[in-house]
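So the structure is just underneath, and the comments pick up after that.
The values are calculated or read from the model by the stated rules, or taken from the named source; none is laboratory data. Here the structure is a predicted model, which is why all the values come from computation and not from measurement. Every residue, glycine among them, receives a Cβ derived from its backbone with ideal geometry; neighbour counts consider all protein chains shown. What goes into the accessible areas is simple: the full protein's heavy atoms, side chains included, and nothing from ligands, DNA or RNA. Shrake-Rupley method; radii C 1.70, N 1.55, O 1.52, S 1.80 Å.
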Amino acid sequence: MAVIVLMEDDAATRMLVSSVLKKDGHDVLTAENGAQGLVVVEARRPDVVISDVQMPEMNGFQMLAALRQNTAIAETPVILLTSLQERAHMRIGMTAGADDYITKPFRPGELREAVAAQLNKRQIHATLKSMAVDAAVQVALNEQRQELARLYERRLAAELSERWPSADAGDHDERFENATVMFVDTPHYAGVAEKLNAQELTELIKKFYGSANDTTHLFGARHMQFIGEGMIAVFTDDTNTRTVNHGLRAARCALGLVESSHGIARYLTAAYPQRQLPPFEVNVALHAGAVTLTQLADPLHGSAQKLPVGDAVTAAMQLQKKARVLGWPVAGSVTVLRSITGAVRIGRRALVEIPGRTQPIDAAEIVELAL
């Protein structure tokens, strides 16, 4: 069967992945970080590499970049392992040349399918190389690689949408009867990413997502996380921020993110004047209602992470999509606007039809602060 190199610093995960693959007859070689793993890859020339993202000494992204630069092993298929909270950075790996990813926690069947797909692809490529491959086939292979990158974010969204039920709070969950949900998306991100190399894309992500993280925390978000090309944040009232209600803090944050995106757009224009990059911009939606921060267990690492669920969350996500079509940088539902009347200036207004809701959402464009 195949020779597989597994790079993973967590002993339990190494044992799990190794045992699953060895049962299928594969020869599994393990390493505790990317640096050790690269040595094994160079020596054994495996059929597939499976690597965690977060590792000491050399992480998964650094390993991937080094592997792709080494012509002797550059074509080795690489599958990255990531947890939900690391997804915001996974686009770096996909752009840098990862062949697939698996989200923790995963089922043994998912691991087997991912490995089988890469082995099959490797066999097809080997067969094509032994033949006189014409230009049309090469073009098709390049298009397939590009399509994988494009499909990645859509796959993320599909997986995440399954984790957004309208659920009641469990024993370890936090429920807020009234909170403001902010959903942010960067609609032209994929187009920009296609025209940047891995290092340039990494710089862009550090600039924008670092700024977005700082801005969101500055305005006292109770919870935030990056999702695919965007971000979700939940603002609630608490003892530290009760002098400014959660709706106004969310609105200030949204306008700050729009201004930050303008700065990123100026940076891209100055740094890459000849690239003809798509406009870098954000669309933000705000909606208020009951929100539950529910715990998702990660049995592979013995940890848990929070995920916001509820109708207010799904409505905010849907409102953002509609706001993008309407051309509104920031959209606020009437439930948010009522709490910040007089504090912001609004522009266009509309009744927005939301899939799955019997009544449209009364929403308006938030233009600027009135204070």
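Of all lysines in the structure, those lying under 27 Å Cα to Cα from Lys321, and not within fewer than 8 positions of it along the same chain, are Lys195, Lys206, Lys207, Lys306. For Ser83, the residues 5 or more places off, or on other chains, whose built amide H falls under 5 Å of its own are Lys104. Around the amide H of Asp100, modelled in the peptide plane, lie the amide H atoms of Val78, Leu80, all under 5 Å away and 5 or more residues distant in sequence or on another chain.
Taking all protein chains together, Glu281, Glu365, Glu57 sort by accessible area into Glu57, Glu281, Glu365, largest first [probe 1.4 Å]. Just the protein heavy atoms count here, and of the accessible area of the range 314-371 at 1.4 Å, carbon and sulfur take up 54 percent. Between the alpha-carbon centres of the range 24-65 and the range 303-371 there is a gap of 44 Å.
Figure note: Asp311, Asp100 ranked by solvent-accessible area, largest first, 1.4 Å probe, ligands and nucleic acids not counted: Asp311, Asp100. Note on Val367 and Val325: with the Förster distance fixed at 22 Å, the Cβ-Cβ geometry gives a FRET efficiency of about 0.75. In terms of accessible area, using a 1.4 Å probe and ignoring ligands and nucleic acids, Met224, Met15 rank largest first as Met15, Met224.
Averaged per residue, the range 1-92 has 41 square angstrom of accessible surface, using a 1.4 angstrom probe with ligands and nucleic acids left out.
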